[in-house]
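Working notes for the structure below.
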Amino acid sequence: LKEYVKWGKAKSVPLETLDEKRRHLREIIKNYDLNDVFNCNEIGKVNFLKTINYYLIFLFISGFKKKSKKQITLLFTCNAIGTEKLKPLFIYTYKNP
């Protein structure tokens, strides 16, 4: 079992290195079944506000108050070919940081 971690913002990747990074990723996963290769992405409050689903969730969490400082994050995970999708991980506020 191996784990490779690479993180960063989607728009922060220099486009001139994109092809090289894709080749490197293909080299890493070439000996694995694509059913066993997983990726996850998080959606935070800022990016998720544009959908009506988030607005309804946000209203429910904030008790229908305006300008709440509460934030949620959703983590979505699926395998490389999309046949296995894990349940979303819901991250909300905490009692003690």
- Query: Is there any pair with a first residue in region 73-96 that is farther than 14 Å from ASN41 by Cβ and a second that is modelled with pLDDT of 90 or more and not in a strand (DSSP E or B) whose Cβ atoms are under 8 Å apart and which are 6 or more apart or on different chains, and what are they?
  - Reply: ILE81/LEU34; ILE81/ASN35; THR83/ASN35; GLU84/ASN35
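For region 27-97, list the strands (runs of 3 or more DSSP E) that sit wholly inside it and hold at least 1 residues that are modelled with pLDDT of 85 or more and either surrounded by fewer than 11 Cβ atoms within 10 Å (Cβ to Cβ) or more than 12 Å from the chain's Cα centre (by Cα) (or both); which are they?
38-44, 73-79
The values are calculated or read from the model by the stated rules, or taken from the named source; none is laboratory data. Predicted model, so just to flag it, every value in this text is computed and none were measured. Because the Cβ atoms are built from the backbone with ideal geometry, glycine has one as well, and the counts that use them run over all protein chains shown.
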